[in-house]
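Nothing in this text is a laboratory measurement; each read-out follows from the coordinates by a stated rule. If you're wondering where the values come from, they're calculated on a predicted model, not measured in any experiment. No Cβ is skipped: glycine too gets one built from the backbone with ideal geometry, and neighbour counts run over all protein chains shown.
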Amino acid sequence: MFRMILTSLLLAALMGCGGDNADQYMQEGFINFQQQKYDEAIASYEKAVKLQPRAADAYNMIGMAYRFKYNRLGVPEFRQQEMAAFQKAMDIDPKNWVAMFNLATDYSAGGQQAKAAPLFKKALELNPNHPEKAAIQKMIAAGEPKP
């Protein structure tokens, strides 16, 4: 009996180790991101999304990888892909203040303060103790209509 239980546990462990795992791809993507291998990071995060289509954090990280590619190369398509990934993260998780802040930052950097302000405002409502609260409040004020 003990041998059968042990064999079952070992088989279950081996089967779990052999398959694709979204967390594994997220970790792989993070390592590639840290090493500034943005294409490889994007590929890893996209594998995670295939396994977990509602992985908002993976979409946020795809956006970050495209941001760094854009900053390095200046290719407008990368900025578009970056913003689309942040938007997808927010569509999946409307309370994802990190993706919200990232998208607002893109709008602000592109001179679209009116689009950035409501996103900054909502992100700050979701995370009222943000360490850059004062700067975010200034960006909100810059994008709100003047009386």
(request) Take every Cα pair under 8 Å in region 22-84 that's 6+ residues apart, average their separations, divide by the length, and report that relative contact order as a whole percent. (result) 27 percent
(request) Compute the acute angle (0 to 90°) between the alpha-carbon long axis of helix 2-18 and the principal axis of greatest extent of the alpha-carbon atoms of the chain; round to the nearest 10°. (result) 40 degrees
(request) Read phi for every residue in region 101-113 and hand back ³J(HN,Hα) as whole Hz from Karplus 6.51 cos²θ - 1.76 cosθ + 1.60, θ = phi - 60°, with x for Gly and Pro. (result) 4, 5, 5, 4, 4, 5, 4, 4, 5, x, x, 9, 4
(request) Return one quarter of the surface area of the convex hull spanned by the alpha-carbon atoms of region 22-84, equal to its mean projected area, in nm². (result) 3.6 nm²
(request) Alpha carbons only, please: Rg and Dmax for the chain, in angstrom. (result) 19.7, 78
(request) Quick one: angle between helix 22-34 and the longest Cα principal axis of the chain, in degrees between 0 and 90, rounded to 10, please. (result) 50 degrees
(message) I need the fraction of alpha carbon pairs in region 65-109 separated by more than 14 Å, rounded to a whole percent.
(response) 44 percent
(request) Find the relative contact order for region 49-147 and round it to a whole percent, using C-alpha pairs within less than 8 Å whose residues are 6+ positions apart. (result) 21 percent
(request) Could you please report the charge total around Gln36, scoring K, R as +1 and D, E as -1 over all other residues with beta-carbon less than 15 angstrom from its beta-carbon? (result) +1
